[in-house]
Amino acid sequence: LASGRWWYPTEEAAKRHYKGQALSGDMILVNFRGCGKSSAPKDVNEVNMRLFAEDFNQLVQSLQKKSEKINLVGHSTGGLIVGLMLAQKPELYNKAVMLDPVGPTGVKFDDSMTAAFEQMKVDKNLTGIVLASTIYNCNPESDFFKQVVIEDAYSAVKAVGAWVLQSLDGFDGRPEILTVEHPVLVLHGEHDSLLPVAESKAMSILMKNSRFETIAGQGHCTNVENPEKLVQIM
């Protein structure tokens with residue numbers, strides 16, 4: 001239920017980190033169907049990790065300059081999508097970072113999470129509670145949390161809702177992930193309470209040129225919790 005706006009703190013941290021250096025390039029923030037400003041899916045069949053990867057690959061191809069290779073960063077579900085993007089169109093990309101990714105075999109949440117997603121559609125306060133639980137040492141009174149995290153999640157849960165959970169239940173991307181040969185750094189927050197570290201390690205093991213690292217003192221969302229540390233690592 002995140003959006004590209006979750007990366008604004010990382011974007012600002014990158015500007016500070018590289019200030020005064022003669023660098024060029026762009027940071028392109030993308031949202032899958034139903035999140036951010038992307039149009040809502042018409043039905044559950046449009047909520048599909050492989051389809052999302054195809055969407056993003058088409059976007060990259062439309063923006064890409066001749067012979068230029070792109071670096072990818074994906075967080076949580078986006079981490080899994082990054083793996084599928086690399087497998088589908090390896091020639092487009094240079095290297096990648098996966099931040100606390102959903103594992104190669106998806107994830108199964110219990111029925112209470114599906115029920116919570118349905119209730120979140122009509123209860124913005126509950127949306128805030130659920131999202132705060134994924135951000136380590138979250139400050140629920142901050143303007144960023146109230147105006148970006150909650151607002152974008154509340155919009156997304158109404159547009160895509162529990163369909164994302166359904167799409168990850170029983171998913172198996174191992175055949176594709178095994179083909180990835182790009183350099184990939186898989187990161188996992190020490191205090192991630194949403195996804196087990198075993199899933200990130202499983203993702204890393206499948207890829208030929210992957211390296212796994214734990215981010216000490218962070219949770220599931222280092223891009224929000226400690227963007228300066230994330231930029232330094234990347």
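Magnitude of the Cβ-charge dipole of the chain, K/R +1 and D/E -1, about the Cα centre, nearest 20 debye? Walk me through the numbers on the way to the answer.
Values: 23 positive and 28 negative charges, 144 e Å.
Once rounded to the nearest 20, the dipole reads 700 debye.
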- Task: Pick out, from Leu187, Ile28, Ser112, the residue whose Cα sits farthest towards the positive end of the charge dipole of the chain, with +1 on the Cβ of Lys and Arg and -1 on the Cβ of Asp and Glu.
- Result: Ile28
- Once Rh is set to the Kirkwood radius over Cα pairs, what Stokes-Einstein translational diffusion coefficient, in µm²/s, holds for the range 95-232 at a temperature of 4 °C and a viscosity of 1.567 mPa s? 80
- Most fluctuating residue of Arg50, Arg33, Arg16 in a GNM of the chain with Cα springs under 10 Å: which is it? Arg16
- Note on the structure: Calculated from DSSP helices alone, with each H run of at least 4 adding -39500 (n - 2.57) and the total divided by the residues of the chain, [θ]222 nm to the nearest 500 comes to -11500 deg cm²/dmol
- Message: Run the reach check for Lys15 against lysines, Cα to Cα strictly under 28 Å, same-chain hits fewer than 8 apart removed. What comes back?
- Response: Lys37, Lys65, Lys66, Lys69, Lys95, Lys146, Lys229
- Which residue, Asp111, Asp172, Asp192, tops the fluctuation ranking in a GNM of the chain built on C-alpha contacts under 10 Å? Asp111
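Could you do me a favour and compute the accessible area per residue for the chain, 1.4 Å probe, result in Å²? Before the final figure, lay out each step's value.
Details: 11940 Å² over 234 residues.
Value returned for the chain: 51 Å² of accessible area per residue.
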- In straight Cα distance, which lysines are under 21 Å from Lys108, not counting same-chain residues fewer than 8 positions off? Lys121, Lys158, Lys201
- Query: If you roll a 1.4 Å probe over the range 155-234 with all protein chains in place, what percent of the accessible area is carbon or sulfur?
  - Reply: 51
- Task: Find which of Gly173, Ser67, Ser155 sits farthest along the positive direction of the dipole of the chain, computed with +1 on the beta-carbon of Lys and Arg, -1 on that of Asp and Glu, about the Cα centre.
- Result: Ser67
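What share of Cα pairs, in percent, lie more than 30 angstrom apart in the chain? Could you put the intermediate results ahead of the total?
Details: 5345 of 27261 pairs.
Cα-Cα pairs in the chain separated by more than 30 Å: 20 percent.
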- Note on the structure: Once both label points are put 7 Å beyond Cα along the C-beta direction, the Ala115-Asn71 separation in nm becomes 4.5
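In a shell of Cβ-Cβ distance under 13 Å around Gln64, excluding Gln64 itself, what net charge do Lys and Arg (+1) and Asp and Glu (-1) give?
Values: positive: Lys65, Lys66, Lys69, Lys89; negative: Asp26, Glu68, Glu91.
Taking every other residue near Gln64 into account, the sum is +1.
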- Query: Given a Förster radius of 25 Å and the C-beta distance between Asn94 and Leu178 as r, what FRET efficiency does 1/(1 + (r/R0)^6) yield to the nearest 0.05?
  - Reply: 0.80
- Query: Going by a ≥ b ≥ c, the root eigenvalues of the Cα gyration tensor, does the range 1-72 fall in the rounded group (a/c under 1.5), the prolate group (a/b larger than b/c) or the oblate group?
  - Reply: oblate
- Note on the structure: In a Gaussian network model of the chain with springs linking alpha carbons closer than 10 Å, the residue among Tyr154, Tyr18, Tyr136 that fluctuates most is Tyr18
- So, over other residues within a Cβ distance under 15 Å of Val102, counting Lys, Arg +1 and Asp, Glu -1, the net charge is -2
- Message: Starting from 0.36 nm per residue, how many nanometres of slack lie between Glu141 and His191 once their C-alpha separation is accounted for?
- Response: 15.9 nm
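The values are calculated or read from the model by the stated rules, or taken from the named source; none is laboratory data. The structure displayed is predicted, hence computed values, not measured ones. Positions of Cβ are backbone-derived with ideal geometry, glycine not excepted, and every protein chain shown enters the neighbour counts. Accessible surface areas use protein heavy atoms only, side chains included; no ligands, DNA or RNA. Shrake-Rupley method; radii C 1.70, N 1.55, O 1.52, S 1.80 Å.
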